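Working notes, structure below.
The values are calculated or read from the model by the stated rules, or taken from the named source; none is laboratory data. Quick caveat, the model's predicted, so the values are computed rather than measured. Reconstructed Cβ throughout: ideal geometry from the backbone, glycine too, with neighbour counts over all protein chains shown.
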């Protein structure tokens with residue numbers, strides 16, 4: 001019981017600050033990031049990426065940003081700290097230093113999933129609407145590098161894959177919502193608005209459709225310039 005806390009509204013837990021408002025990165029960890037020097041070895045890059053990966057849910061577009069650094073850790077790539085690597089390193093630091101407070105998921109609130117697929121990366125944001133400040137606050141960010149086979153998909157299937165991966169990631173939060181409380185999905189591929197009602201699908205799309213049928217949602221189109229997620 002000596003390590004327990006009772007009747008508190010904020011506490012530090014495993015590198016996070018958990019409060020009634022949500023979950024934030026521990027300021028002590030932010031101080032570590034601020035003083036982190038550019039790595040000069042592969043081990044140094046791996047250490048930095050390991051640290052950032054722990055907090056990736058706070059970073060919009062993590063996979064896309066970290067791509068040049070991950071490439072440095074490959075055995076077939078000579079170590080070369082290029083301007084691209086430096087830019088990725090500094091941007092990840094900035095993202096962590098200014099990381100938002102992620103709100104606790106509330107099944108009663110209006111819920112939105114924004115997805116995108118670009119440059120070999122899938123990305124998504126889970127957010128909820130707060131009436132008091134008329135703002136959609138993030139609950140979590142998700143990003144994942146496409147596998148080599150997925151890179152060959154048509155654009156429509158890549159965008160659809162982003163939706164599937166996002167709903168797999170947040171299945172515990174989203175699967176239980178009723179038709180009345182259905183969430184919305186924003187995508188920049190307009191034809192996906194009608195995907196669940198189309199009759200012509202390949203086998204892959206049929207598998208995805210079967211998975212998606214477990215959720216109650218409405219797909220809405222949002223132009224690409226307003227849908228920068230991945």
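Screening residue 126 on (1) in contact (Cβ under 8 Å) with a residue 60 or more places away in the chain; (2) within 21 Å of residue 193 (Cα to Cα) shows it passes everything except condition (1). Within the bounds of the stretch 151-169, is there any residue that is outside any helix (DSSP H, G or I) and at positive phi? No, the conditions are met nowhere in the stretch 151-169.
May I ask you to say which residue of 204, 179 is part of a helix (DSSP H, G or I), touching a residue at least 24 places away in the same chain (Cβ under 8 Å) and either surrounded by fewer than 19 Cβ atoms within 10 Å (Cβ to Cβ) or assigned by TED's automatic domain parsing to the domain that holds residue 122 (or both)?
None of the other options fit; the residue is 204.
For the stretch 104-120, the tally of residues that are under 19 Å from residue 182 (Cα atoms) and surrounded by fewer than 21 Cβ atoms within 10 Å (Cβ to Cβ) stands at 8.
Could you tell me which residue of the stretch 146-167 is nearest to residue 187 (Cα to Cα), considering only residues that are surrounded by fewer than 17 Cβ atoms within 10 Å (Cβ to Cβ) and in contact (Cβ under 8 Å) with a residue 24 or more places away in the chain?
Let us first name the residues in the stretch 146-167 that are surrounded by fewer than 17 Cβ atoms within 10 Å (Cβ to Cβ), namely 147-156.
Now restrict to residues that are in contact (Cβ under 8 Å) with a residue 24 or more places away in the chain: 151, 155-156.
Details: 151: 18, 155: 12, 156: 11 Å.
Going through the qualifying residues, I end up with 156.
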